[in-house]
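Here is the structure we will look at, set down as structure tokens.
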Amino acid sequence: MMLYFLFVLPPFLLGLYAQWKVKSAFAQMSKISTRMSGAQAARRMLDSAGLNSVGIEQVGGRLSDHYDPRAKVLRLSSDVYNGHNMSAVGVACHEAGHAFQDAQNYAPLMIRNTAVPAANFGSGAGIWMLLGGIWFGIPALAWIGVILFAAVVFFQVINLPVEFNASSRAREQLVAQGIIAGNEEHYVAKVLNAAALTYVAATLQSIMTLAYYLFILLGDRR
């Protein structure tokens, strides 16, 4: 058990810190007003690239914002959709950045979308097969679980450039489209950089979890 904590606890603590950082940055930047709401900013960014057919919908939840590549729709939480502040326009335009990627067939996004079913299966069935193989002394089952869980790690790793690129596009377009002034870009950057830390933490957590189980399995072979 101590060995498990040595592998997994550091990225887990980083994840908790990242979540706190996002909430703190979002709250701080929500106090700085903008001329447009999040929905209006995203609409301007999309229309500037000719993505008039991409819809924008308001959904429930807090920070539940995402781009649906199948429906070609940005789904924004109420705080982001209606908010006239730096946090709202930053998050909304980040999601619009994913629509830009989709329209341009951005390779990491295409790979990530393809990996989603395998990652979902690996995070569920894979981890139980891995644990079951270890508990019941069935190495073959455990190794199948490792391979399936590796799909989760792959998804997290390929997700990093996707998210970083979407944030970069958002920051560029926010200024280029006159949504915010150039000297205000650092306000949005504070929110998006905090969000980026959550992706890094999730990636490290999945990598270290996989490393722990590989250590256990390879150790049993000696």
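With respect to being at pLDDT 90 or above and within 27 Å of ALA25 (Cα to Cα), VAL153 falls outside the description.
Would it be correct to say that ILE138 is touching a helix residue (DSSP H, G or I) at 6+ places or on another chain (Cβ under 8 Å), among the β-branched types (Val, Ile, Thr) and in contact (Cβ under 8 Å) with a residue 24 or more places away in the chain? Answer is no for this residue. I'm trying to understand the selection: among the residues of the stretch 56-88, which are within 15 Å of THR34 (Cβ to Cβ) and under 17 Å from the mean Cα position of the chain (by Cα)? Within the stretch 56-88, LEU76, VAL80, SER87, ALA88 meet the criteria. If I filter the stretch 105-124 for residues that are among the small types (Gly, Ala, Ser), touching a Leu at 6+ places or on another chain (Cβ under 7 Å) and at pLDDT below 95, do I get at least one hit? Within the stretch 105-124, one or more residues are among the small types (Gly, Ala, Ser), touching a Leu at 6+ places or on another chain (Cβ under 7 Å) and at pLDDT below 95.
Among the residues of the stretch 30-40, none is identified as assigned to a helix (DSSP H, G or I), touching a residue at least 12 places away in the same chain (Cβ under 8 Å) and open to solvent by 40 Å² or more (accessible area, probe 1.4 Å).
The values are calculated or read from the model by the stated rules, or taken from the named source; none is laboratory data. What you see is a predicted model, and the numbers here were worked out from it, not measured in a lab. Please note: Cβ atoms are built from the backbone with ideal geometry, for glycine as well, and neighbour counts cover all protein chains shown. Areas reflect the complete protein model, heavy atoms only, side chains present, ligands, DNA and RNA absent. Shrake-Rupley method; radii C 1.70, N 1.55, O 1.52, S 1.80 Å.
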